[in-house]
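Below is one structure; the comments refer to it alone.
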Amino acid sequence: MKKKILIILGHPDPDSLCGMLAACYREGAVESEAEIRQINIGDLDFDPVLHKGYKEVQALEPDLRAAQEAIRWADHLVFLYPMWWGSMPAVMKGFIDRVFIPGFGFKFSTGEAYLPEQLLTGKSARLIITLDGPPLAIRLLFGNPAIQSMKGMTLEFCGIHPVRVMQCGSVKRATKARKILWKMQVREMGRAQN
């Protein structure tokens, strides 16, 4: 059975390094005969602000309903985004806030349970994160906030497991050879469908 892969580009500019890496992942996945869909968050038409939090239901725009359907469809999610100010770009954060809502990603049960029911089990994910600093320094100094918020507090919280991570940094100091290596590694991940 062909694996269903959803590539989600979180960089608002598709002509970025993240966009190039998304194309490399896609090429590898095509070679492995996976079924592929892609969402470029920067191209979607939606309000990224969850105006009332979870106390009122905010109607989803058609692009967000389509994104939820694509996530339901997928066996494997691949998120590509840069780390900006220790997190993801604002448009991607708005996408996460609006899409991974109660009733879609999780739901709270009645009773004494502290943790919600996970609604996206049976899926895996890959995070490919670009950053300007060296990954080891970011981890030692700051604890990898861009990974923890997405991996643990979003995807695993909703039942997606395993979530694998690749960091590409330091982008500003990367040589042409280093960027070629990242592209080759990402293409191989696409071939391996992980």
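At a glance:
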| item | result |
| --- | --- |
| Cα→Cβ-extended label distance, 7 Å offset, between Val91 and Asn40, nm | 0.9 nm |
| Per-residue ³J(HN,Hα) for region 32-44, Karplus 6.51 cos²θ - 1.76 cosθ + 1.60, θ = phi - 60°, Hz, x for Gly and Pro | 8, 6, 6, 7, 10, 10, 9, 10, 9, 4, x, 8, 7 |
| Spin-label pair Arg178/Lys107, simplified geometry with 7 Å Cα→Cβ offset, distance in nm | 4.7 nm |
| Theoretical ellipticity at 222 nm over the chain - DSSP helices of four or more residues, -39500 (n - 2.57) apiece, nearest 500 | -10500 deg cm²/dmol |
| Protection proxy ranking of 19-25, 186-192 - average other beta-carbon atoms within 10 Å, highest first | 19-25, 186-192 |
| Between 0 and 90°, nearest 10: helix 62-73 axis offset from the chain longest Cα axis | 80 degrees |
| Prolate/oblate/rounded call for region 150-194, Cα gyration tensor, a/c under 1.5 rounded | oblate |
| Pairwise centroid distance, computed over Cα atoms, of region 1-78 with region 88-137, Å | 13 Å |
| Label corresponding to percent of Cα pairs over 21 Å apart when calculated from the structure given, among (1) 51; (2) 56; (3) 46 | (1) |
| Amide proton proximity set for Ile7, modelled H, under 5 Å, gap of 5+ | Arg37, Gln38, Ile39, Val78 |
| Cα centre as origin, Lys/Arg/Asp/Glu Cβ charges: the chain dipole, Debye | 720 debye |
| Gained length - Val49 relative to Glu27, 0.36 nm times residue gap less alpha-carbon distance | 4.6 nm |
| Segment Met153-Gln185, length gained on full extension (0.36 nm per residue, minus Cα span) | 8.9 nm |
| 0 to 90° range, to nearest 10: angle between helix 17-31 axis and the chain longest Cα axis | 90 degrees |
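Just so you know, all these numbers are worked out from the coordinates, no wet-lab data involved. In this text the structure is predicted, and so the values were computed from the model without any measurement. All Cβ positions, even for glycine, are placed from backbone atoms using ideal geometry, and neighbour counts span all protein chains on display.
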